Amino acid sequence: MYQDKDESKESLRCGVPVVSFSIGDSAEFVYGLDRSSDEHIILESGDVIIFGGPSRLCYHGVRSILPQTMPSCLSERTNLRPGRLNLTFRQS
């Protein structure tokens with residue numbers, strides 16, 4: 001588990017959120033206030049997580065990828081290979 005804190009000190013001080021998009025196979029996502037936390041959710045293709053406000057520096061990570069869970073329309077229309085694609089946006 002890790003924190004998204006590689007941005008500038010100003011960006012972190014202002015609490016500018018981090019936005020994360022999940023595409024492809026589902027994933028078990030763990031999060032919490034410290035590295036030993038075990039709260040988790042399943043992220044599916046198309047899900048978005050926003051780390052902002054009090055949760056801006058929460059610890060988080062992907063515990064596992066759930067194979068063969070990509071929506072069939074996504075694989076058929078885009079020829080996307082099996083697996084998970086994560087797009088993360090942050091202000092530097």
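The values are calculated or read from the model by the stated rules, or taken from the named source; none is laboratory data. Bear in mind that the values here come from a model prediction, so they are computed numbers and not experimental data. FYI the Cβ positions are ideal-geometry reconstructions off the backbone, even for glycines, and counts take in every protein chain you see. Heads up: the accessible areas ignore ligands, DNA and RNA and are worked out on the full protein's heavy atoms, side chains in. Shrake-Rupley method; radii C 1.70, N 1.55, O 1.52, S 1.80 Å.
Where the second residue is open to solvent by less than 70 Å² (accessible area, probe 1.4 Å) and among the β-branched types (Val, Ile, Thr) and the first is without any contact (Cβ under 8 Å) to a residue 60 or more places away in the chain and lies in the stretch 40-53, which pairs have Cβ atoms under 7 Å and are six or more apart or on separate chains?
Short answer, once both residue conditions are applied: 40/30; 45/23; 48/19; 50/19; 51/18.
Name the residues in the stretch 1-59 that are touching a Ser or Thr at 6+ places or on another chain (Cβ under 7 Å), among the polar types (S, T, N, Q), modelled with pLDDT of 85 or more and in a loop (DSSP other than H, G, I, E, B), would you?
Correct list: 45 only.
Run down 85, 66 and say which single residue is loosely packed, with under 14 Cβ neighbours inside 10 Å, under 16 Å from the mean Cα position of the chain (by Cα) and over 15 Å from residue 1 (Cβ atoms).
Testing whether each residue is loosely packed, with under 14 Cβ neighbours inside 10 Å, under 16 Å from the mean Cα position of the chain (by Cα) and over 15 Å from residue 1 (Cβ atoms) leaves just 85.
Among the residues of the stretch 38-53, is there at least one that is farther than 17 Å from residue 3 by Cα and open to solvent by 100 Å² or more (accessible area, probe 1.4 Å)?
yes
Can you tell me how many residues in the stretch 9-37 are surrounded by fewer than 12 Cβ atoms within 10 Å (Cβ to Cβ) and of a type in the set (Gly, Ala, Ser)?
The total comes to 1.
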